[in-house]
Amino acid sequence: MSDRPADERVRDFREVDTGLTPDEAMEEAGRCLQCKKPGCVRGCPVGIDIPAFISEIAAGSFDRAAAIIRKDNILPAVCGRVCPQEVQCEGECILKGKEIPINIGGLERFAADWERIHAPALPETGKPTGKKVAVVGSGPAGLTAAFELKKRGHDVTMYESLHKAGGVLMYGIPSFRLPKEVVQAEIDQLRSMGVKIKLNHLAGNSVTVDELKKFDAVFIGTGAGLPFFMGIPGEQLAGVYSANEFLTRVNLMRADRFPETDTPVKRGSRVVVIGGGNVAMDAARVARRLGARVSLVYRRREEDFPARKAEVAHAKEEGIEFVLCANPVRILGEQCVTGVECIRMQMCDPDQSGRPEPVPVEESTFLIDADMCIEAIGQGPNPLLIRKLPGVEYGRKGNIIVADDGRSSLPGFYAGGDVATGAATVILAMGSAKNAAHAIDRFLRD
Amino acid sequence: MYRVEETKLLAERVYQIWVNAPHVARHARAGQFLIIRIDETGERIPLTISAVNGDTVRIIFMAVGKTTQQLATLNAGDAILDVAGPLGRPSEIQRYGTCVVIGGGVGIASTPIIAREAKEAGNYVIGIIGARNADLLILEDEMRTICDELFITTDDGSKGTHGFVSDVLKAELERRPVDCTWIIGPAIMMKVTSNVTRPYGVKTFVSLNPIMVDGTGMCGSCRVQVGGETKFACVDGPEFDAHQVDFDLLMQRQRIYTGEERESLEHYHRHDCRCGGDSHE
């Protein structure tokens with residue numbers, strides 16, 4: 001384990017996992033059995049040649065390991081840190097069950113960090129094709145699409161509505177899980193490859209749909225940025241945040257440094273976080289770092305948490321209290337939050353997700369004292385641009401409907417990442433963006 | 001970086017800045033806003049787009065908080081780090097017939113662009129602008145050239161009608177048929193004034209100014225209740241049907257960070273204010 005002690009790390013925003021040393025990485029890589037039919041590669045959404053890069057690490061050729069990963073993944077330093085490896089590569093590792101699976105995420109991160117610090121390599125860009133592509137959104141999907149398209153010689157302009165590129169990697173995932181300089185390095189690299197990045201440009205407004213149509217193709221990777229609220233009484237009180245707002249204030253606007261920075265955030269002493277995904281864990285751990293006692297209320301059981309296992313463990317170590325099989329029904333307070341009323345849930349027959357359906361237990365309400373409440377119950381695609389695209393088909397949840405190759409119903413417009421799939425992981429967004437970028441490349445060469 | 005082209009003090013603590021932001025200027029419509037961030041540690045604040053000229057846009061603000069006071073120190077040639085926009089939905093401009101465009105205090109900043117578009121759409125446009133006193137009244141000349149008729153009110157009677165914009169509005173509603181009104185100003189003024197149009201059944205728009213962060217529908221900080229539904233002012237608004245808005249809730253949510261705003265301002269005055277005063281203590 002390379003995690004800093006919990007009582008130390010809850011006092012700052014520096015990275016929790018300090019990463020492997022070269023010796024540790026080589027030793028860990030040496031454990032790999034180099035399977036002939038590797039399960040790990042099957043488990044990887046972008047099909048990285050995992051045994052090959054691990055064998056380079058074992059041999060001490062770290063830059064070659066990084067180059068192998070780079071062939072399939074443009075954000076290895078990010079994915080090594082935030083992928084749910086336990087249900088992907090590591091979940092398929094042959095050593096799982098016998099002993100501990102190879103720490104593939106840790107090795108991926110090690111190789112990527114090594115490359116960034118010791119041997120930054122600028123990927124080659126193809127011969128200019130003279131084709132112009134607009135990439136809307138600069139999160140994991142947009143970054144991937146921009147990279148793949150630029151690599152193939154297309155002229156790429158990327159539009160980002162915020163003042164920093166990176167999307168959820170910047171505003172959403174806290175720096176103790178993903179240091180911002182890691183993300184910035186990836187963005188700087190795209191820029192030095194010649195990708196034009198237009199910040200403060202909200203597509204649909206700052207650049208209109210008609211202007212987008214002048215490009216030879218458009219990739220939409222606007223993510224799932226629209227926060228859902230539970231719709232329970234008391235949500236308008238001061239001290240009730242969507243996780244998006246709370247995390248944006250701290251991660252992007254650095255409200256943790258207020259008043260050195262100008263953006264404030266409430267510092268609760270007793271915070272209730274609602275939800276069980278990665279965003280809920282992030283919000284809980286940020287609130288903890290701002291000095292609060294934190295309870296995380298989740299309507300299912302601990303084994304049902306959609307969050308990455310490592311983050312659940314980290315949250316626990318950091319003293320986050322889990323209130324399981326419970327659901328908030330009301331937020332109490334006059335002007336500010338004073339408490340959250342919850343009801344017990346019992347697990348019944350499996351629902352559509354295959355997990356037991358949580359059903360309220362009658363007359364089982366109870367109160368959690370709180371001065372702040374953060375709702376992290378999910379996000380949907382931001383409808384802003386989508387509604388302005390004439391003839392684009394979108395689903396019930398607002399996601400753009402795309403063909404297998406990422407094509408939307410509007411000619412020349414492609415989509416990938418959460419805006420097409422619904423809220424998912426960084427790596428799945430990257431996989432679908434890469435797929436769409438390749439389709440755009442074929443479309444432009446026809 | 002976005003260049004400040006021109007600055008001007010319009011009234012006590014009320015400033016006007018023309019800033020070069022082609023992506024905003026070329027697409028801006030009446031009723032929309034922009035978000036600025038002055039520097040690396042700055043807050044994102046929304047400001048109405050008050051006018052457009054070529055590639056520059058005009059913002060008008062009262063220097064009350066840390067960010068607006070810092071903004072007031074900028075001169076022509078200085079830069080604003082970030083300008084995002086245009087944001088929000090444009091005003092619903094149509095040929096209604098007779099329109100009344102009402103501005104109170106610094107809210108007058110939003111009125112010329114709406115009055116102009118309403119006029120261009122073929123409406124007969126009546127302007128009513130009001131301030132606490134004559135010295136605080138802004139954009140009178142501009143509104144006079146746009147509107148078919150312009151009324152002025154001051155709370156103390158130092159100019160125009162002694163009273164509130166709502167008084168003049170009521171008198172005009174009694175005198176002639178009005179088809180549509182826009183009311184822009186402090187939340188309390190919008191609440192009171194829109195109650196005047198209610199019994200007459202006149203379509204009434206207000207422009208809401210809750211606290212925002214991203215201004216693109218991502219955070220939900222600006223949520224307001226309109227017709228019993230939660231709306232995000234940044235993307236569903238900022239203009240809404242006045243008679244459906246829960247103004248008390250809006251005012252309550254505007255006060256969420258009052259303490260922090262004071263703290264931020266005190267910190268600014270202690271450390272890096274360039275606005276004079278006791279900076280050499």
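The values are calculated or read from the model by the stated rules, or taken from the named source; none is laboratory data. Note that the structure is a prediction, hence the values are computed from the model and not measured. Cβ placement follows ideal geometry from the backbone for every residue including glycine, while neighbour counts extend to all protein chains displayed. The protein model used for the area step is the full one, side chains on, heavy atoms only, and it has no ligands, DNA or RNA in it. Shrake-Rupley method; radii C 1.70, N 1.55, O 1.52, S 1.80 Å.
Two decimals, Cα atoms only, Kirkwood Rh: what is Rg/Rh over the stretch A:309-446?
Computed over Cα atoms, the ratio is 1.12.
Computed FRET efficiency, Cβ-Cβ of A:Arg301 and A:Cys35, R0 41 Å: what is it to the nearest 0.05?
My answer for the efficiency is 0.75.
Over the heavy atoms of B:Val101, what accessible area does a 1.4 Å probe trace out, to the nearest 10 Å²?
About 0 Å², rounded to the nearest 10.
My understanding is that a pair violates if its Cα-Cα distance is over 22 Å; which of A:Lys71/A:Lys127; A:Lys131/A:Lys164; A:Lys71/A:Lys309; A:Lys36/A:Lys98; A:Lys132/A:Lys397; A:Lys96/A:Lys434 do that in this structure?
A:Lys131/A:Lys164; A:Lys71/A:Lys309; A:Lys132/A:Lys397; A:Lys96/A:Lys434
Under 5 Å between amide hydrogens, which residues at least 5 positions from A:Leu95 or on another chain qualify, with H placed 1.01 Å from N in the peptide plane?
Amide H to amide H, under 5 Å and 5 or more residues apart or across chains, A:Leu95 pairs with A:Ile102.
Run lengths n ≥ 4 of DSSP H only: what is the helix-derived mean residue ellipticity at 222 nm for chain A, with -39500 (n - 2.57) per run over all residues, to the nearest 500?
Theoretical 222 nm ellipticity from helices: -9000 deg cm²/dmol.
So what is the orientation-averaged projected area of chain B, using the convex hull of its C-alpha atoms, in nm²?
14.7
Once you've got the GNM for chain B with C-alpha springs shorter than 10 Å, pick whichever of B:Gly107, B:Gly220, B:Gly127 has the biggest mean-square fluctuation.
B:Gly220
Count the DSSP beta bridges whose two residues both fall in the protein assembly as shown, then state the antiparallel fraction as a percent rounded to the nearest 5.
Approximately 50 percent, going by the DSSP bridge assignments.
Given a 1.4 angstrom probe, I'd like the percentage of the accessible area of the stretch B:98-254 that is carbon and sulfur, rounded to a whole number.
49
Strictly greater than 45 Å: what percent of every Cα pair in the protein assembly as shown meets that?
Here the tail beyond 45 Å accounts for 26 percent of pairs.
What residues from the stretch A:301-317 fall in the zone where the backbone N is under 17 Å from a label point 7 Å along the Cα-to-C-beta line of A:Val361?
A:301-303
If each of B:Glu263 and A:Asp210 carries a label point 7 Å out from its Cα toward its Cβ, how far apart are those two points in nm?
Rounded to a tenth, the inter-label distance reads 4.8 nm.
Using a 1.4 Å probe on protein heavy atoms only, how many Å² of accessible area do B and A hide from each other, summed over both chains and rounded to 100?
Chains B and A together bury roughly 3600 Å² of accessible area.
Averaged per residue, what accessible surface does the stretch A:6-118 expose to a 1.4 Å probe, in Å²?
Dividing the accessible area of the stretch A:6-118 by its residue count gives 46 Å².
How about the stretch B:169-247: which chymotrypsin sites (Phe, Trp or Tyr not before Pro) there are in a DSSP loop, with at most 12 other Cβ atoms within 10 Å of their Cβ?
The qualifying sites: there are none.
How much length would be gained if the chain were fully extended between A:Ile100 and A:Ile401, taking 0.36 nm per residue of separation minus their Cα-Cα distance, in nm to one decimal?
104.4 nm
Please average, across the residues of A:355-365, the number of beta carbons from any other chain that are within 10 Å of each residue's own beta carbon, and give a whole number.
0
A:Ala6: net charge of surrounding residues, Cβ under 15 Å, Lys/Arg +1, Asp/Glu -1, itself excluded?
Taking every Cβ under 15 Å from that of A:Ala6, the sum is 0.
Per-residue counts of other Cβ atoms within 10 Å, averaged by peptide: what ranking do you get for A:166-175, B:185-194, highest first?
Packing order, densest peptide first, comes out as A:166-175, B:185-194.
Computed FRET efficiency, Cβ-Cβ of B:His162 and A:Arg293, R0 41 Å: what is it to the nearest 0.05?
Taking R0 as 41 Å, the efficiency between B:His162 and A:Arg293 is 0.15.
Would you kindly state the longest site-free stretch of chain A, with sites defined as GluC sites (Glu not before Pro) in a DSSP loop (not H, G, I, E, B) surrounded by at most 16 other Cβ atoms within 10 Å?
Excluding the exposed sites themselves, the longest stretch runs over A:125-259.
Per residue, what accessible area does chain B have, given a 1.4 Å probe and all protein chains present, in Å²?
On a per-residue basis, 41 Å².
For the stretch A:6-118, how big is the tail of P(r) above 22 Å, as a whole percent of Cα pairs?
It works out to 28 percent of all Cα pairs.
Protein chains only, probe 1.4 Å: how do A:His314, B:His243 rank by accessible area, largest first?
So the residues, ranked largest to smallest area, are B:His243, A:His314.
Nearest 0.05, what FRET efficiency do B:Ala171 and B:Glu120 give at R0 = 30 Å with Cβ-Cβ as r?
0.65
So how exposed is A:Lys132, as accessible area in Å² (1.4 Å probe, rounded to 10)?
Approximately 100 Å² of A:Lys132 is accessible to the 1.4 Å probe.
Of all alpha-carbon pairs in the stretch B:98-254, indicate the percentage at a distance above 22 angstrom.
Tail fraction, whole percent: 40.
With a bin width of 5 angstrom, please list the P(r) values of the stretch A:348-401 as percents of all Cα-Cα pairs, from the 0 bin to the one holding the largest distance.
Bins of 5 Å from zero give 4, 12, 12, 11, 15, 14, 13, 10, 6, 3 percent of pairs.
Using θ = phi - 60° and the Karplus curve 6.51 cos²θ - 1.76 cosθ + 1.60, what whole-Hz ³J(HN,Hα) does each residue of the stretch A:176-192 get, with Gly and Pro shown as x?
Calculated HN-Hα couplings, in order: 6, 10, 8, x, 5, 5, 5, 5, 4, 4, 5, 5, 4, 5, 4, 4, 6 Hz.
Just to be sure I follow: if Rg is taken over the C-alpha atoms of the stretch B:1-113 and Rh is the Kirkwood radius over the same atoms, what is Rg/Rh?
Reported Rg/Rh, Kirkwood definition of Rh: 0.97.
Take B:Met251, project a point 7 Å from its Cα along the Cβ direction, then tell me which residues of the stretch B:204-222 have their backbone nitrogen under 15 Å from it.
Only B:209-210 fall inside the zone, counting backbone N under 15 Å.
With a 1.4 Å probe and all protein chains left in place, how much accessible area per residue does the stretch A:156-229 have, in Å²?
29
Which value in Å does the Kirkwood hydrodynamic radius of the stretch A:131-225 take, with 1/r averaged over all unlike C-alpha pairs and then inverted?
For the stretch A:131-225, inverting the mean 1/r across all distinct Cα pairs yields 13.2 Å.
Using only atoms on other chains, find how many Cβ atoms lie within 10 Å of each Cβ of peptide A:378-391 and report the average.
Mean inter-chain Cβ contacts per residue within 10 Å come to 1.
May I ask you to rank B:His271, B:His27 by accessible area, largest first, using a 1.4 Å probe over the protein chains only?
I get B:His271, B:His27, largest accessible area first.
Along Cα→Cβ, 7 Å out, is where each label goes; now give me the distance between the ones at A:Arg11 and A:Ser61 in nm to one decimal.
Distance between the two pseudo-spin positions: 4.5 nm.
What does the structure give for B:207-217 when I average, per residue, the other chain Cβ atoms found within 10 Å of the residue Cβ?
4
Amide H neighbours of A:Arg152 under 5 Å, at least 5 residues apart or on other chains, H built in the peptide plane: list them.
For A:Arg152, whose amide H was placed from the backbone, the distant partners under 5 Å are A:Gly126.
Taking +1 at the Cβ of each Lys and Arg and -1 at the Cβ of each Asp and Glu, which of A:Ser2, A:Val16, A:Gln34 sits farthest along the dipole of the stretch A:1-50 towards its positive end, judged by Cα position relative to the Cα centre?
A:Gln34
Is the shape of the stretch A:205-360 best called rounded, prolate or oblate, per the rule: a/c under 1.5 gives rounded, else a/b larger than b/c gives prolate, else oblate, with a ≥ b ≥ c the square roots of the Cα gyration tensor eigenvalues?
Oblate is the answer for the stretch A:205-360, as a/c is 1.5 or above yet b/c matches or exceeds a/b.
How far apart, in nanometres, would the label points at B:Thr73 and A:Ala121 be if each is projected 7 angstrom from Cα along the Cα-to-Cβ direction?
Distance between the two pseudo-spin positions: 4.8 nm.
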